[in-house]
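K.L.:
One structure follows; several queries about it will come next.
Derivation of every value follows stated rules applied to the coordinates shown; laboratory data play no part. What you are looking at is a predicted structure, and each value in this text was computed from that prediction instead of being measured. So basically every Cβ, Gly included, is an ideal-geometry build from the backbone, and we count neighbours across all protein chains shown.
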Amino acid sequence: MKKMTLNAGLFSFVLAGGSAAYAQEAGFSWEGSLEVGVDSTVRADDPAAEITDTYLTLEAAFEAALSDRISAFGGLTLESATDPEDDRTFDDLGLYISELGLRYTFNETVVSAGKISPVFAVAWDAAPGFFGTALAEDYELSEMIGVTADTPLGNAGGVLSVALFYADDTVLSDSIGTKRGRNSVAMGGVGNTGKLNNVALQYTQTFGETTAWIGARHLSAGEGDTTDETGFVAGVSHDFGNGFDMIGELAHFNGAGGADGNATYATLGAAYALEDWTFSASATFVDTPDDRDRMIALGVDRALSETIEVNFGVARFDVGGEKSTAVGLAAVVSF
C-alpha cells in the first residue's frame with residue numbers, strides 16, 4: 001500500500017546530495033513522520049483474507065556531520081513487525097534500524113557504507129495514492145549491507161547511482177519489541193548471500209519538469225534458489241505545471257525471485273492537485289508465467305496544514321487468481 005511516511009533511504013540520499021552543506025554547517029539534521037491509519041480488505045474471494053489492520057508507523061532519519069567531508073547517517077522505524085493474520089489494532093509493534101552507516105562526500109560524489117537502501121526504480125515509492133505502491137513495492141531494495149556511490153554526470157542534471165550489497169544478516173535485521181527474527185544466509189532468497197556479489201545501478205536525468213530513469217540490478221542466487229535474478233527498469237515522471245502530474249514505470253526480471261520464470265511489472269499513476277486536495281489514480285499490472293496480477297486504485301488526499309495530511313484510498317486487487325477490494329484511511333504528521 002501507499003503509506004505517506006518518510007522513506008529513510010530517499011531522505012538520506014537527498015540530504016547527502018542536496019543538503020550536504022547544510023548538514024556540515026548545522027552539524028546535525030533529522031526528519032521524521034508518524035502515520036496512524038486503517039487498512040481493511042472489505043471483500044475477498046477468500047473470506048479469511050477479509051482483515052482490518054489498524055496500524056501505526058513511526059519513522060525518523062538523521063545525518064550528523066563528523067568533519068567537512070564525513071558524516072554519520074541512520075534511520076529508525078517502528079511498525080507492525082509481522083503481517084496480520086486476523087483483525088489487528090496497534091499490535092505486533094517492533095522497532096528496527098532501517099539504515100546506519102558513514103557517508104563520505106568529495107566534490108559532488110557521495111559514497112555511503114553500512115546498512116543502506118540501494119537505488120533501483122521509483123514507482124515502489126512514488127506511485128500516487130494510499131494503495132499506489134502496493135504491487136510495485138515487490139521490487140524495492142532496502143535493508144542491505146554494502147556500499148553506494150551517487151555522482152552527477154556533467155552539467156545536464158543527471159545522476160548515476162551504483163551499489164554493491166547483500167541482504168542484512170546482522171543483529172540489525174531483527175527488531176525490538178515484537179521480534180521479526182534475525183535474517184541469515186541459510187534462510188535463502190536472491191541477494192541474501194552474505195557477500196558483496198549483488199549490484200544495482202541507475203541513471204536519473206532531469207529535463208525541466210520531466211524526470212527519466214533507467215536502471216539494472218543483479219541479485220545472486222541464495223540458498224534454495226535455482227537461478228540468479230537480473231532486472232531492468234525504465235520510467236518517467238512529469239509535472240504539467242497545472243496541478244497535474246504523472247508517473248510511468250516498466251520493470252522486467254529474468255529469474256524473478258530466484259526461480260526459473262520471469263516477471264514484468266507495469267505501473268502508471270496520475271495525480272491532480274486542487275488547492276489542499278489531491279486526487280489520484282494508479283494501476284499496476286504484473287505478468288508472470290503462472291498469473292497475471294493487477295491492481296487498480298483511486299485516492300484522495302487532504303492537506304490540513306504544512307505538516308498534517310489525511311489520505312483515503314480504495315483498490316481492487318486480482319492477485320494469484322484471488323480478487324479482493326480494500327479501503328484505507330490514514331493521518332500523517334511530518335516533523
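K.L.:
Give me the number: length gained by fully extending GLU209 to ASN107, i.e. 0.36 nm times residue separation minus the C-alpha to C-alpha distance, one decimal in nm.
P.N.:
34.1 nm
K.L.:
Can you compute 3J(HN,Hα) from phi for each residue in the range 269-280, using the Karplus curve 6.51 cos²θ - 1.76 cosθ + 1.60 with θ = phi - 60°, rounded to whole Hz and x for Gly and Pro?
P.N.:
x, 9, 9, 10, 9, 10, 6, 8, 10, 10, 10, 9
K.L.:
Still on this structure: Each residue of the range 55-62 in order: what ³J(HN,Hα) in whole Hz does its phi give by Karplus 6.51 cos²θ - 1.76 cosθ + 1.60, θ = phi - 60°, with x for Gly and Pro?
P.N.:
In residue order, the calculated couplings are 10, 9, 10, 10, 10, 8, 9, 9 Hz.
K.L.:
Quick query: amide H of SER175 versus all other amide H atoms, modeled in the peptide plane; which residues come in under 5 Å with a sequence gap of 5 or more or a different chain?
P.N.:
ARG180, GLY181
K.L.:
How much of the DSSP bridge set in the range 282-335 is antiparallel, in percent, rounded to the nearest 5?
P.N.:
The antiparallel proportion sits near 100 percent.
K.L.:
Please work out how much length the chain gains when fully extended from HIS252 to THR52, using 0.36 nm per residue of separation minus the C-alpha to C-alpha distance, in nm with one decimal.
P.N.:
Residue separation times 0.36 nm, minus the Cα-Cα distance, leaves 68.8 nm.
K.L.:
Here is a further query. When the chain is treated as a GNM, springs tying every alpha-carbon pair under 10 Å, which of ALA127, ALA271, ALA303 comes out with the largest mean-square fluctuation?
P.N.:
Highest fluctuation among the options: ALA303.
K.L.:
Label points 7 Å out from Cα along the Cβ direction at VAL36 and ALA216: separation in nm?
P.N.:
Once both label points are built, they end up 4.8 nm from each other.
K.L.:
A further question follows. Can you work out ³J(HN,Hα) from phi for every residue in the range 99-108, in order, using Karplus 6.51 cos²θ - 1.76 cosθ + 1.60 and θ = phi - 60°, giving whole Hz and x for Gly and Pro?
P.N.:
8, 6, x, 10, 10, 10, 10, 9, 6, 10
K.L.:
What is the local net charge at MET246, summed over the other residues whose Cβ is closer than 13 Å to its Cβ (Lys, Arg +1; Asp, Glu -1)? Each step should come with its number before you reach the end.
P.N.:
Values: positive: none; negative: GLU209, ASP239, ASP245, GLU249.
Once all neighbours under 13 Å are counted, the net charge is -4.
K.L.:
Among all lysine pairs in the chain that are eight or more places apart or on different chains, how many have alpha carbons less than 30 angstrom apart?
P.N.:
Taking the chain as the scope, the lysine pair count is 9.
K.L.:
What number, in percent, do you get for the relative contact order of the chain if the mean sequence gap of Cα pairs under 8 Å and at least 6 apart is divided by its residue count?
P.N.:
Computed over the chain, the figure is 15 percent.
K.L.:
Next question, about the same structure. Which of the listed residues, THR133, ILE176, SER237, is farthest toward the dipole's positive end in the chain, when Lys, Arg count +1 and Asp, Glu count -1 at the beta-carbon?
P.N.:
SER237
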